[in-house]
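J.: The structure follows.
Here, each number is a calculation from the coordinates, and none is a lab measurement. These numbers come from a predicted model, not from an experiment. Every residue, glycine as well, gets a Cβ built from its backbone with ideal geometry; the counts of neighbours run over all protein chains shown.
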Amino acid sequence: MERPDWSVVGGMLDELKRAYAGLDDTQRRMAAVTGAARSPDRLIRATVGPRGQLLDLEIDPRTLRDPDSRALAATILATVRAAVEEAAGKSRAVLDAAVPADMRIGETGMGKALLHVHDTDLMRETDPMREAGRTDG
């Protein structure tokens, strides 16, 4: 039976202690993350917080001159999605700086799904009725 390499274990413990010591700072930095995006036509601007909640939405009054509620809704959703992706990237950078590489959430399976997929996509994947366009249950 091989003996464990205690220097490796000690190094891992040191990394964990450093990550734990900086936890308050990491939490503050994560809470301060925002993401912002503009629609391609520059008429919509969305700002989201660290968990993707909409903080601000600017709609240029020119969108009301030729109202198309479906197109406006689609543009708003796409713009908010882009803002969420920006916030997620910033959050990921904060976590990557704070957590040792070998202890990060994986880039496959559920870790990837939760970190790199928009909520509406997750909802479609888990709700066949929604995927089919039927929500009447």
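J.: Between A93 and S69, what's the calculated FRET efficiency when r is the beta-carbon distance and R0 is 30 Å? Round to 0.05.
T.: My answer for the efficiency is 0.25.
J.: On to the next question. Which of G11, T34, L57 sits farthest toward the positive end of the charge dipole of segment 8-104, with +1 on the Cβ of Lys and Arg and -1 on the Cβ of Asp and Glu?
T.: Farthest along the dipole direction, towards plus: L57.
J.: Can you pull out the GluC sites (Glu not before Pro) in segment 1-95 that DSSP calls coil and that have at most 10 other Cβ atoms within 10 Å?
T.: Passing sites in segment 1-95 are E2.
J.: Only loop residues by DSSP count here, and only those with at most 13 other Cβ atoms within 10 Å; note down the trypsin sites (Lys or Arg not before Pro) in segment 12-103 that meet that. Mind dumping the intermediate values first?
T.: Values: sites: K17, R18, R28, R29, R38, R42, R45, R51, R62, R65, R70, R81, K90, R92; in loops: R42, R51, R65.
Listed in order of number, the matching sites are R42, R51, R65.
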